[in-house]
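S.K.: The structure that follows is given in the form of structure tokens.
The values are calculated or read from the model by the stated rules, or taken from the named source; none is laboratory data. Because the structure is predicted, anything quoted here is derived from the model rather than measured. Heads up, the Cβs are rebuilt from the backbone with ideal geometry, glycines too, and the neighbour counts pull from every protein chain shown. What goes into the accessible areas is simple: the full protein's heavy atoms, side chains included, and nothing from ligands, DNA or RNA. Shrake-Rupley method; radii C 1.70, N 1.55, O 1.52, S 1.80 Å.
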Amino acid sequence: MAEAMYPAAAARHPFHTDDAKLRPIYDKVMAGVRLDTDDGLALYRSPDVLSVGWLANYVRERMHGNVTYFNVNRHINHTNVCVAACRLCAFGRKKGTDGAYTMDLEEVFRSAASGYSEAVTEFHIVGGLHPDLPLQYFTDMLSGLKQRFPQVHLKGFTMVEISFFAKLNKLTIVEVLQKLKDAGLDSMPGGGAEIFSERVRAIICDHKIDGNEWLDVAREAHKLGIRSNATMLYGHIEDDEDRVDHLMKLRALQDETKGFQTFIGLSFHPDHTVLQHLPWTTGMLDLKQIAVARLVLDNFAHIKAYWQMLTPKIAQIALRFGADDIDGTVVEEKIYHDAGATTPQGMTRQELCRLIESAGRVPVERDTLYHPVTRDGNTVTVST
Ligand code: V47
């Protein structure tokens, strides 16, 4: 059906490219054959970004037709106090220093309720690694949010936070995940993966768990039925091999657990970080990253163009380079804005729909698990 409606998916026209290395990749994509490491490298290194994008768009339309997903969500960053001092980060503060904050639970609940009047379907909850917050703060947060907002999906805590909670509370990863799940955790965001290469991690985030631990926590979460997203931080000091290695590791874990929902490439924002001498990513790299992810991550249903990080304009173009999701209303964002993002803090549902429609796509509001959502005023119905 999708193939009949969308010409790129129907592959009626021949594949014109100046880059001969893309031709065997074209053959594999048409035949639905999995791409390997060399293919991933050839895609990153290709000067023909439009052909790379065409291939990714073909796959995107084969999977999702003309649909682009978005959601109505709110980010909650309960604390920026963090014991790690990652060079990539402008958000974290040491306890007691200028600008450090920690919300008490009443502030968390107030912040959850504030913002746009549109009924949100998801709270996205992440914070720094605070040395004094006991696990009960988080279980009380989750159960308190569920009690006050029973219809809202709670997507919270990165693999890095889970590992930290386990160490701080002398519990296993599984015990922490189970307690959070029992308190109301529905799924997890994809942050904190950065890039799995040890060489790069030693420079950009040496205080963080290593890549294998990130993957181990994701594996345990998926085994408990907690789905998650996955991310990759790019555009700093990594090279093409590091990027392909990262994608291959995510793909291998997805083969095993099928627990990842969406992949989000996160472009490095250097301002106010220790790495602020590094340049910002270019639009071409951002688009190529979306496309390569779509082509290599054949077992991921969704590739997200996070508008707030990419800018709304690049995110729109990304909907023709492999992305089928543009993220949500967000309302209040701190991590990227502390690192120099100039995008708005949030967008209304109507603004998101306009962005998607003017990219020639059909907006579909989804809940966190990609069930379509319909609204009558602020009454939300989820089709499961
Ligand atoms: O965990 C931190 C990264 C992540 C910087 O799962 C930085 O739906 C760039 O994970 N420049 C938070 N990146 C964002 C995130 C996310 C966002 C939207 C949706 C989802 C999802 C997840 O941002 C952090 C870290 O990996 N980060 N500092 C920086 N200066």
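S.K.: Amide H of TYR69 versus every other amide H placed in the peptide plane: which residues, excluding those fewer than 5 positions away on the same chain, fall under 5 Å?
M.R.: Amide H to amide H, under 5 Å and 5 or more residues apart or across chains, TYR69 pairs with ASP325, ILE326, VAL364.
S.K.: Among the lysines, select those whose C-alpha is under 30 Å from the C-alpha of LYS167, and discard any that sit fewer than 8 residues away in the same chain.
M.R.: Output for LYS167: LYS94, LYS95, LYS146, LYS155, LYS179, LYS181, LYS208, LYS223, LYS249, LYS258, LYS334.
S.K.: A further question on this structure: For segment 40-86, take the alpha-carbon Rg, divide it by the Kirkwood Rh, and send me Rg/Rh.
M.R.: On the way: Rg = 18.7 Å, Rh = 14.9 Å.
Answer for segment 40-86: 1.25.
S.K.: With every protein chain left in place, what is the accessible area of THR311 in Å² (1.4 Å probe, nearest 10)?
M.R.: For THR311, the solvent-accessible surface is approximately 50 Å².
S.K.: Oh, and also: For helix 173-183, what angle does its Cα long axis make with the longest principal axis of the chain, in degrees from 0 to 90 and rounded to 10?
M.R.: 80
S.K.: Same structure again: Give me the 1.4 Å probe accessible area per residue for the chain, excluding ligands and nucleic acids, in Å².
M.R.: Values: 15400 Å² over 384 residues.
Accessible area per residue, the chain: 40 Å².
S.K.: Another question, then. Does anyone have the angle between helix 49-64 and the longest principal axis of the chain? Alpha-carbon axes, 0 to 90°, nearest 10?
M.R.: 70
S.K.: What FRET efficiency comes out for PHE15 versus MET284 if R0 is 22 angstrom and r is the Cβ-Cβ distance? Round to the nearest 0.05.
M.R.: Numbers: r = 20 Å, r/R0 = 0.91.
Calculated value: 0.65.
S.K.: If you don't mind, there's one more thing I want to ask. How high is the FRET efficiency between THR379 and HIS272 when r is their beta carbon distance and R₀ equals 41 Å, given to the nearest 0.05? Present the calculation step by step, with values, prior to reporting the outcome.
M.R.: Details: r = 42 Å, r/R0 = 1.02.
Here the calculated transfer efficiency is 0.45.
S.K.: Cα-based Rg (one decimal) and Dmax (whole number) for the chain, in Å?
M.R.: Expressed in Å, the Cα Rg and Dmax of the chain come to 20.2, 62.
S.K.: Can you divide the C-alpha Rg of segment 6-158 by 2.2 N^0.38 Å and report the result to two decimal places?
M.R.: Values: Rg = 23.0 Å, N = 153, 2.2 N^0.38 = 14.9 Å.
For segment 6-158, the normalised Cα radius of gyration is 1.55.
S.K.: Follow-up question, since we're still on this one. Out of every Cα pair in segment 144-188, what percent are spaced more than 13 Å from each other? Kindly include the intermediate steps, with their values, before the conclusion.
M.R.: Details: 541 of 990 pairs.
Roughly 55 percent, rounded to a whole number.
S.K.: Follow-up question, since we're still on this one. Classify segment 222-380: rounded, prolate or oblate, from the alpha-carbon gyration tensor (a ≥ b ≥ c, eigenvalue square roots; a/c under 1.5 rounded; otherwise prolate if a/b is larger than b/c)?
M.R.: On the way: a/c = 1.63, a/b = 1.13, b/c = 1.45.
The shape class here is oblate.
S.K.: How many times 2.2 N^0.38 Å is the alpha carbon radius of gyration of segment 109-256? Don't jump to the answer; show the numbers that get you there.
M.R.: Numbers: Rg = 16.1 Å, N = 148, 2.2 N^0.38 = 14.7 Å.
Working it through for segment 109-256, the quotient is 1.09.
S.K.: Sticking with this structure for a sec: List the cysteines in the chain whose Cβ has no other cysteine Cβ under 4.7 Å from it.
M.R.: So, CYS82, CYS353.
S.K.: Still on this model: Please build a GNM for the chain, connecting alpha carbons under 10 Å apart, and tell me which residue among ASP19, ASP245, ASP210 fluctuates the most.
M.R.: Of the options given, ASP19 has the highest mean-square fluctuation.
S.K.: Quick check: convex hull over the Cα atoms of segment 251-334, volume per residue in Å³, rounded to an integer? Kindly include the intermediate steps, with their values, before the conclusion.
M.R.: Values: hull volume 10.0 nm³, N = 84.
It is 119 Å³ per residue.
S.K.: Calculate how steeply helix 159-169 sits against the longest principal axis of the alpha-carbon atoms of the chain, using the helix alpha-carbon long axis, and give the answer as 0 to 90 degrees to the nearest 10.
M.R.: Value to nearest ten degrees: 20.
S.K.: Can you tell which of ALA56, ALA305, ALA31 shows the greatest fluctuation in a Gaussian network model of the chain with Cα springs below 10 Å?
M.R.: Most flexible of the set in this elastic network: ALA31.
S.K.: How much of the accessible area of segment 71-367, probe 1.4 Å, is carbon plus sulfur, in whole percent? Before the final figure, lay out the partial values.
M.R.: Numbers: 5800 of 10810 Å².
The nonpolar share, carbon plus sulfur, comes to 54 percent.
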